[in-house]
Structures are given as structure tokens and as C-alpha cells.
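Student: Below you'll find the structure I mean.
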2 protein chains.
Amino acid sequence: MSTIQWNNFDTLESYKALASAAPVDLAAVMSGESGAERVAKYCVPMAAGLAYNFAAKAVDDDILAELAKLAQEAQLLEKYEYLYNGAVVNTGEKRMVLHQLTRGQLGEKVEADGTDKRAFYLKEQERIAAFARKVHSGEIANGAGEKFTTVVQIGIGGSDLGPRAMYLALENWAKKNNTFLMEAKFISNVDPDDASAVLNSVDVAHALFILVSKSGTTLETLTNQSFVMDALRKAGLDPAKHMIAVTSETSPLAHSDEYLEAFFMDDYIGGRFSSTSGVGGAVLSLAFGPEVFAQFLDGAAEEDKLATEKDLMKNPALLDALIGVYERSFLGYPATAVLPYSQALSRFPAHLQQLDMESNGKSVNRFGEPISYVTGPIIFGEPGTNGQHSFYQLLHQGTDIIPLQFIGFRSSQILNDVEIQGSSSQKKLCANVAAQIVAFACGKQDTDPNKTFKGGRPSSIIAGDQLTPKALGALLSHFENKVMFQGFVWNINSFDQEGVQLGKVLAKKVLAHDTDGALAAYSAMLDI
Amino acid sequence: MSTIQWNNFDTLESYKALASAAPVDLAAVMSGESGAERVAKYCVPMAAGLAYNFAAKAVDDDILAELAKLAQEAQLLEKYEYLYNGAVVNTGEKRMVLHQLTRGQLGEKVEADGTDKRAFYLKEQERIAAFARKVHSGEIANGAGEKFTTVVQIGIGGSDLGPRAMYLALENWAKKNNTFLMEAKFISNVDPDDASAVLNSVDVAHALFILVSKSGTTLETLTNQSFVMDALRKAGLDPAKHMIAVTSETSPLAHSDEYLEAFFMDDYIGGRFSSTSGVGGAVLSLAFGPEVFAQFLDGAAEEDKLATEKDLMKNPALLDALIGVYERSFLGYPATAVLPYSQALSRFPAHLQQLDMESNGKSVNRFGEPISYVTGPIIFGEPGTNGQHSFYQLLHQGTDIIPLQFIGFRSSQILNDVEIQGSSSQKKLCANVAAQIVAFACGKQDTDPNKTFKGGRPSSIIAGDQLTPKALGALLSHFENKVMFQGFVWNINSFDQEGVQLGKVLAKKVLAHDTDGALAAYSAMLDI
């Protein structure tokens, strides 16, 4: 492996080249036969039958060639290899970055804390699978010997958004495919109404709670744990018989008799990258069975492997990352909208919002030095077609251009459909996403400027047959690797989150009544 | 009333004055005693015990004076009066804009279609109230004479996002206050899995469906209606005994024997402004009772009245609007994050996203002429404290500044809480929002730039005692009026949505297989 160089983006040759690259007239190239040719040509296979199609992005072969040079000059693939072989890429926290190891071994054996980390993650997966099977069979049951019917995850941030989005993504698929074993619920917010409402909706006597906190010190999560334990005791139940923990081996929760069982992750997996670890594994294995979780991991593993492809045109995560950098750093777009045409992905944008914004919302490089170029964009989104009747007005005719990330599937999950006005709902759904891509790209002239669409609004689509566990794993990995590559380009550390600390410190001061000035005034206003 | 002048923003004297106004060093003014003074001074009472506090916005008395001049020069209050007195403010569609009339009479009697519109809206409210009471009493029941237990709204966009957000906002309040009468569910997406999943979760024999479409022609909604009717028939039920409509009197749904009853709105109420019409009224009156819906309207009516206040410092919607314009047009910020510290408001940001982005995401003025200044920002958000563990990293340390709109309440809704580490969950929730405001505004220096917070990130907070129906109405009205005032400043028509048309036209072409070029290629890719 060549020596890795960590240089600021604006010091690279390819930065200058891209800054002076001739822009693409998207409306022009997407019109007529040229458009059809682009749809055929700018399409890259992904795992699980998905494909990443970027025909409607404002790039051409020249810009793609420059982006490939950027990938080389910034050593993006070498850095990925360096990462999955166990280098301390999270420099701020001096940690390796190993979430890919939870789903496969891409490179050399990685050792830490005296163990082979792939073997460690596999062992935890197997322990979770065995535990889940015992819960499903009734071997592990509540105090009265009755089966648990519901699983409730208590966690926040990465311990909530990813697992919740994955659960919702597969809930109906699992029901249709007879692998729906337990309903899952989630408690995250420290707002007491969150825990109260979830507890009111659950038969606590038959509920198994998963406490998820890597450090074992997350205030919201520990608070909600106490909330739940209180409710269990009030119902005459023994909390220790209703709760498991997912945490690190060094946390105070790791070896406590407050839990039926504890499963382990470690400091090398950031919360927002933890859906394929026990953080997602416990709840998904309990809800849908370990086999479904294994398929999800397979999809992610295959997509991780694709991200090692040296040919840019065969590497969808790298392509997506580079095009995103081009849009953000050179075209100046402030945000990206994530628009899944799939109700099952209703919370997937919220997960990507954390994944991307928490990883790449940084103003210093990986050495802690201030940088003078923009980094990660705002990420937001809602499922289509709902979004079309909401914020698409601004996307089409607003004064800012916002790149779009569509996701669509040829088949629904439940396969229950009706034919109305000559087409099924699923066809209508797909027709809408096809129409939107072209409407955004090509626009439409009109003698009335109020009915004119300028077009030139770029989008890509990830399209597949059906949102299966494997396809979901591939989707998840795609975006994780996209975010990682972009962090490498911007030369930032995508794996720490120092920006969350100050708020925590000040909140503690408020609760200790150790405040003055504005903080004291706001505290008084809120009756704290 | 003086003659109304509709001038482009950049032609105004105050535009030039604001462009050259001395910027405020937010971190400096919010530090020390100056910060506490601002919290006390920059606070404006709202209805229902709420207050709008903008201490942490980058404004001072000089800028506020300029904003007051802008309000005068752009005749914002005169335009509001003009609007609520029934002028054709929606110029593109040649329609009056009357949503405020659904909750009160602010000015002169407004006549249209041969009726007094206030009387018309009141009559529909009373018809809905009477109908809901009969459903609650069992006088109106299913075919077997059994009470309906669930209400399912079928609608999309404004017929979904607002009513759904309002329902979720009051669900736990209603349960706590013994006014929870029927559970509500919502079907919106044309994705067949949306309707299937909702129908699978409902006892259809005891479900009452509300079809909501002003025009009676919304494709997604009619498709989902057929979906539901199909399911009812398969269950051996008569759809006409399970369905009501909320529509305009001229729609094909208005006088159909497919419905138990039809309730009316009209073309003077845009979908995104329709939560206080029958669009929200039917589902909320059925779920919580007409009295709760009436309290919600009272809150909105009081807040509408406050928006007529000539003194800028007593008019929170006007202040919020003007500060937002200043941030967007002069400080150049691309987005606003809506951050309610209340799990009940989990979908309130999605509603505001539609309200704001569909209203003000425009590139032509109200006469259809292109403008050369930015208009509405991106709106996104999630509840705190969840967001803190997600995208706040970028808000604190990202390279773009994003203004923040906090919302918080001193009391929870369910009033079930636990004391942990010396404080209740509700106090922790409030401590966090107080801490965040100060962290964003003041930042923190550190010898390690990775741990440095530059501060200078502006926010406001709407704070209140509790999220009651009345407080929710006030909140809703506040943002509706804010969006309206901003549209007046930018001289755009906030009440049409031509940007949604092109996608509809192209989707029809796809379904008719009348495509070529890129559209045909995408259609083939998606197997349409």
C-alpha cells in the first residue's frame, strides 16, 4: 500500500481542475435521445439487485474523469482499505473504525483489546441469535413463564434512528413473509411523554426491553431505563427479568444483575454506524428472527465489497460521494433531499440525516485545524409521493437548487394492490418517481413564468426489485460508505462528534442551578 | 385604508437600509448580563400562555427599527387586513384567502358564492360537531348497529400533514384529560403498502373513513379510497356506511351516495392552511370531541388577532417573519430548523415544512414576473432531545449557519414523570433546550479547535406552560401568519403551488405509455 497522505481538499490538483470544469447543462443533456442514452449509460449495479442511476446528475464524461482523478489523488480507496484493515482513522478519539467488520472481513485480520475483532462481532451476533431463538421458543420467558410478545428498544441517536428505520423498513415485508415474530417499539426522547406513551401502548408483562448505550452513561437512556423499571415494578414485575443490555464490555451495564443478558459492541463502532452491530442486531433479530438479520448483513457486506472497486464506474458509493462533493463544493448547493418512494422507508431519511450531518458537519480537518471550504450538507426528506404534495414546490420552483436522492422499487412489500384507472398503485408510485426525475432535470418552458420550470435540478435514483432485508442492508452500507468517502475528500474526521458536547455540559449546569446571564434567564423562563 | 402597493422587495428603501445594517455579534451580546437582559426584553406574549422569545436572534434595537420600517413600507399589516377582508390575494388562481375565517371574524363580512363565508365555515363546523356527537353516542353506527371506534383519514399533502401533526400533538393530552374518543389513523401515500398496512392495523368493521380532497380529483386519494372500499367489500361491509367526505361543494364527491355525509370547504382555503377547516375538523372532532377542536380554534383565533397588532414588539408572527427575512435575505442562511422539545410535536416540523416551503418556495413575484432575490428557506426538523444526538453536530460545528426555531413547554402532557439524579425528565428536557440556545449563541473557545464552538448561531424559542389544544391552535396560527407576512415581503403569491403541476402531467404520460427519451428509459427501468 502506498503511504497515505491526508491533505486538505483545496490543496489538491483535482480541486483546481474541478473548480474550473465546464458545467453541464442538465436540462439540455437530459432532453431527447441524449437523455435516454444517459439513463442507460450512467447506471451502476449494486448488491441485491439494486442499481445506482445518476443520469440526471449535472456531470458528463469529462467531469467524471476529473472525479476519478480526485479519487486517486485523495487516495480514497487506499483510505478505505486503511480503515477496514484497522488503522486509527478516528484520530480525534484515537480509535479504529470497524463497523464494516460487523458484516464481513474485507481485508486483514484486525486485532484490538486482545481479540480478533471480526470473531468478536460474529460471536456477539451468534449470542444474540441464540438468545432470540430462546425468546421465540419460550425458553426465555417472563416471570410467569409466558412468552414475550413485544420488544422495546431504549436508546437515543444511533441507538434509535438506525434500528427504528430498519425495523419500519422491514415490518411489512416480515409480516408478508411470515417472519414477523415480535412487535418492536422504541423509547428515545427524555420527554417523559415519550416513555409514558410507549408504555401505555404496551403489555409490559409480556414486553422485553433492550437498553442500548455504548458508554452506559447516556443520560436520556438511563433516565428512560429508570422510567421503565419504575413502570415494571408498579406492575408487580421484576425489571431484571424484562431487560437486556447492548453496551461495551467496559461499561457499567456490562456485568450487572439488572439484566437478563448483556451483548457487546465496542468503541470502534460509532452510534450512527451501529445498525449492523448488536445495536440493530438485538431488536431486529428478536422482531424478525436471526435469519432475516443475517440477510440484512449479507446485503451490507456485498455493498461494502463493491465500495472497494477501483473502477469508479463500478463503485456506486464512491460515485455518489464524489458527485455529492462536486455539487456541494463547486456548485454550491446547501442541502440534499432524500426521497424514498416507499412508505416503508419513512424514517430512512431521518437515519441518513444523522449519519451524514453528524459525520460530516465539521469545520476542522482531521488534525483539528480550521478549514476554509464547506463540508457536509443539510440532509432532509420524506417519502414520495407524500413529499410531492408538500415541499416539492420549493424543490421545483424555489430560488435554491437542492440535489435529490430518489429511491424506488418495482414491487411493493405486501403485494396487495388495486387496479384503478388502468394501473396499480405500485405503477402509479413508480410513474411518479420517473416523472419527477425528468421534471426536475428538464423543466418546462411556459409563456406564463409562474408555470415555468427552469429544470437543471439534479437527482439520482437507487432502484431495485423490492425492499428486502438484503436490499436494505445494501442501501444502508451504500450511504455509510458514501459519507466515509466524502469525509476523506474533505479531509475531516467523520467518526467523532465533538459538537454534541457543549450542550451536554451546559444542560448539567442548568440542572445543578449553576448558571448566570442568559442561561439563568432561560432556566427561569422554563421553570427549571 | 391606504392603497396597497405590491412592490418587489429589492425596490424598497428598507431593503437597502437592511442590506447595509451593522450586523450583531450574537455571541457577544448574549454573553454576561447583556444576555439576561435580552432574554427579558426580547420576549413577546402570545395566546394561550405562550411567548415568543427572540433574544438569541442576531438583531438589536437598530435592526428591529429597520424591520419595523420594512413592515410599514411593505404595508404588511394593511395586506393582512386586505386579505382577511376578502381581497383576491391569491392572484394566480384568482381566489380569496380565507383560512383565518374558519376560526374568527377579524374584519368585515366576507361574501362569496352568494354566502357569508364566516357563517358558511361555522355551519360546517357545527354540522361536523353534530355528526361527531352522533358517532360518539352510537346514533350513527356501523351496519351492525355497533359504535365506530377508529377514524381513518384518507388524504395527502395538506389533507394529511397538518391534521396528522395536530392529532399526534393532542393524542396524549386527550387521553390524560378523558377526551380521547376514537383512535385516528391516516392513509396518504399512493404506495399500496401504506393503505395495506393501515388497513391491516384496523378493525375495519368499526372504522369510519374520511375521504379528504378539496377538488375531489386528487389521484392518490381517490386511489386509496378505492383501495379502502375494496377492503370493506371484501370484509362483507357496505363502504357507503363507513365513509364520509370533506370536499368542496362543487366537487364530484359533494353529493354522492357513496358517503354517509359530506362536509364542505372551498377554494379559498389552501390545503396547507386547512387544519382549522373541516379537513382537520372532522378527524379532530371525531377523535377528541368537538369541544377540544373548538379550543384549538380559539387559540388560532387569538393568535390571528395578535397578528393585527401595529406595534411590532407586540406582534410575534410579524416579528418572526421579519427576522426570518433578515436571516434569509441579508445574512444568506439557506434553511431553518424547527426543533420542538416535545415528543407530541414529532410531526409538527413536517407540517411546517409543507406550510413554508410550498407557500414561499417561489421564483416569480405575485404578478408572475421573475425576481432576483432569494425566497423561502428549506425547513426541516425533529424533536429535541432526539435531534441533539443526531444532526445537531452540523448545526453546532458545520460550515453553514442554520437558524433554529425551538419550541418548549414547562409541563408534560401525561404528567407521569420520574425523578432521577435530582431532576424529573421534564426538567431535563427543559434544561436541554435552555442549554442549546446558549451553546448555539455563545459557543465556547477551546485550545483544541475540534472542541471549539464558534457560536453566533441564532435561534428563537416559543415557550409555554403545556401543549394544550388552545396552545396548539396558537402555534399553528403563528406559523401560518409568519409565512403569509414573509410572502408579502418577498412580494410573492404564497397561496398557489404551480410547481406541483409538471410532475402530475408527466406521471400521467408515463401511465399512458406516452413517453420518449429519458422518461421512457426511466419508465422501462421501473417496469411501468
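The values are calculated or read from the model by the stated rules, or taken from the named source; none is laboratory data. What you are looking at is a predicted structure, and each value in this text was computed from that prediction instead of being measured. Counting neighbours? That spans all protein chains shown, and the Cβs are built from the backbone with ideal geometry, glycine included.
Student: Determine whether segment B:409-431 contains at least one residue that is out of contact with any Asp or Glu (no Cβ under 9 Å at 6 or more places or on another chain), basic (Lys, Arg) and within 25 Å of B:HIS351 (Cβ to Cβ).
Tutor: No; the residues of segment B:409-431 include none that is out of contact with any Asp or Glu (no Cβ under 9 Å at 6 or more places or on another chain), basic (Lys, Arg) and within 25 Å of B:HIS351 (Cβ to Cβ).
Student: Inside segment A:99-125, can you point out the residues that are among the β-branched types (Val, Ile, Thr) and surrounded by fewer than 17 Cβ atoms within 10 Å (Cβ to Cβ)?
Tutor: Selection gives A:THR115 alone.
Student: Something else: Among the residues of segment B:183-212, which ones are surrounded by fewer than 24 Cβ atoms within 10 Å (Cβ to Cβ), small (Gly, Ala, Ser) and closer than 16 Å to A:SER412 by Cβ?
Tutor: Scanning segment B:183-212 gives a single hit, B:ALA197.
Student: Say whether the condition of being within 14 Å of chain B (Cβ to nearest Cβ) and within 25 Å of A:HIS478 (Cα to Cα) is met by at least one residue in segment A:279-295.
Tutor: yes
Student: Condition first: assigned to a helix (DSSP H, G or I), under 30 Å from A:ILE244 (Cα atoms) and among the aliphatic types (A, V, I, L, M). Can you find one or more residues in segment A:102-117 that meet it?
Tutor: Looking for residues that are assigned to a helix (DSSP H, G or I), under 30 Å from A:ILE244 (Cα atoms) and among the aliphatic types (A, V, I, L, M), one finds none in segment A:102-117, hence no.
To keep it simple, each residue is scored yes or no on (1) within 14 Å of chain A (Cβ to nearest Cβ); (2) in contact (Cβ under 8 Å) with a residue 24 or more places away in the chain.
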residue: B:VAL44; (1), (2): yes, yes
residue: B:GLY49; (1), (2): yes, yes
residue: B:ASN53; (1), (2): yes, yes
residue: B:LEU70; (1), (2): no, yes
residue: B:GLN75; (1), (2): no, yes
residue: B:GLY86; (1), (2): no, yes
residue: B:LYS109; (1), (2): no, no
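Student: Only one residue in B:VAL374, B:VAL325 is hydrophobic (A, V, I, L, M, F, W, C) and facing chain A (nearest Cβ under 7 Å). Which one?
Tutor: Of the residues listed, the single one that is hydrophobic (A, V, I, L, M, F, W, C) and facing chain A (nearest Cβ under 7 Å) is B:VAL374.
Student: Going through B:GLY49, B:GLY35 one at a time, which residue ends up being in contact with a strand residue (DSSP E or B) (Cβ under 8 Å, 6 or more places away or on another chain), among the small types (Gly, Ala, Ser) and farther than 30 Å from B:ARG366 by Cα?
Tutor: The conditions single out B:GLY49.
Student: Of A:MET525, A:MET484, which residue is over 23 Å from the mean Cα position of the chain (by Cα) and modelled with pLDDT of 95 or more?
Tutor: None of the other options fit; the residue is A:MET525.
Student: Further question on the same structure: Can you run down the residue pairs with Cβ atoms below 6 Å, 6 or more apart or on separate chains, where the first is in segment B:394-406 and within 11 Å of chain A (Cβ to nearest Cβ) and the partner is in a strand (DSSP E or B) and not aliphatic (A, V, I, L, M)?
Tutor: Pairs that qualify, where the first residue is within 11 Å of chain A (Cβ to nearest Cβ) and the partner is in a strand (DSSP E or B) and not aliphatic (A, V, I, L, M), are B:HIS396/B:PHE453; B:PHE406/B:SER459.
Student: Further question: For the subset of segment A:491-528 comprising residues that are at positive phi and within 7 Å of chain B (Cβ to nearest Cβ), which member is surrounded by the most Cβ atoms within 10 Å (Cβ to Cβ)?
Tutor: Of everything passing the filter in segment A:491-528, A:GLY517 is surrounded by the most Cβ atoms within 10 Å (Cβ to Cβ).
Student: Let me ask something additional. For segment B:434-450, how many residues are closer than 18 Å to B:HIS389 by Cβ and within 7 Å of chain A (Cβ to nearest Cβ)?
Tutor: Number satisfying all stated conditions: 5.
Student: Among the residues in segment A:221-233, are any of a type in the set (A, V, I, L, M), in contact with a helix residue (DSSP H, G or I) (Cβ under 9 Å, 6 or more places away or on another chain) and either more than 14 Å from chain B (Cβ to nearest Cβ) or under 18 Å from A:ALA474 (Cβ atoms) (or both)?
Tutor: So far as segment A:221-233 goes, no, none of its residues is of a type in the set (A, V, I, L, M), in contact with a helix residue (DSSP H, G or I) (Cβ under 9 Å, 6 or more places away or on another chain) and either more than 14 Å from chain B (Cβ to nearest Cβ) or under 18 Å from A:ALA474 (Cβ atoms) (or both).
Student: Sticking with this one: When you go through B:LYS310, B:LYS362 one by one, which is the residue that is in a loop (DSSP other than H, G, I, E, B), of a type in the set (Lys, Arg) and surrounded by fewer than 24 Cβ atoms within 10 Å (Cβ to Cβ)?
Tutor: Sole residue among the options that is in a loop (DSSP other than H, G, I, E, B), of a type in the set (Lys, Arg) and surrounded by fewer than 24 Cβ atoms within 10 Å (Cβ to Cβ): B:LYS310.
Student: Sticking with this structure for a sec: Which condition number does B:SER215 fail, the rest of (1) touching a Ser or Thr at 6+ places or on another chain (Cβ under 7 Å); (2) buried (at least 17 other Cβ atoms within 10 Å of the Cβ) being met?
Tutor: With respect to (1) touching a Ser or Thr at 6+ places or on another chain (Cβ under 7 Å); (2) buried (at least 17 other Cβ atoms within 10 Å of the Cβ), B:SER215 is out only on (2).
Student: Next question, about the same structure. Among all residue pairs at least 6 apart or on different chains, which show Cβ distances below 6 Å where the first residue, located in segment A:198-225, is under 20 Å from A:GLY162 (Cβ atoms) and the second is assigned to a helix (DSSP H, G or I) and not hydroxyl-bearing (Ser, Thr, Tyr)?
Tutor: The qualifying pairs are A:PHE209/A:VAL228; A:ILE210/A:ALA282; A:ILE210/A:VAL283; A:LEU211/A:GLN225; A:VAL212/A:VAL279; A:ASN224/A:ALA195.
Student: Taking segment B:27-42 on its own, how many of its residues are more than 8 Å from chain A (Cβ to nearest Cβ) and closer than 30 Å to B:LEU467 by Cα?
Tutor: 3
Student: Can you pull out every residue in segment A:27-44 that is out of contact with any Cys (no Cβ under 8 Å at 6 or more places or on another chain), in a helix (DSSP H, G or I) and surrounded by 18 or more Cβ atoms within 10 Å (Cβ to Cβ)?
Tutor: Residues satisfying the conditions are A:VAL29, A:ALA36, A:ARG38, A:VAL39.
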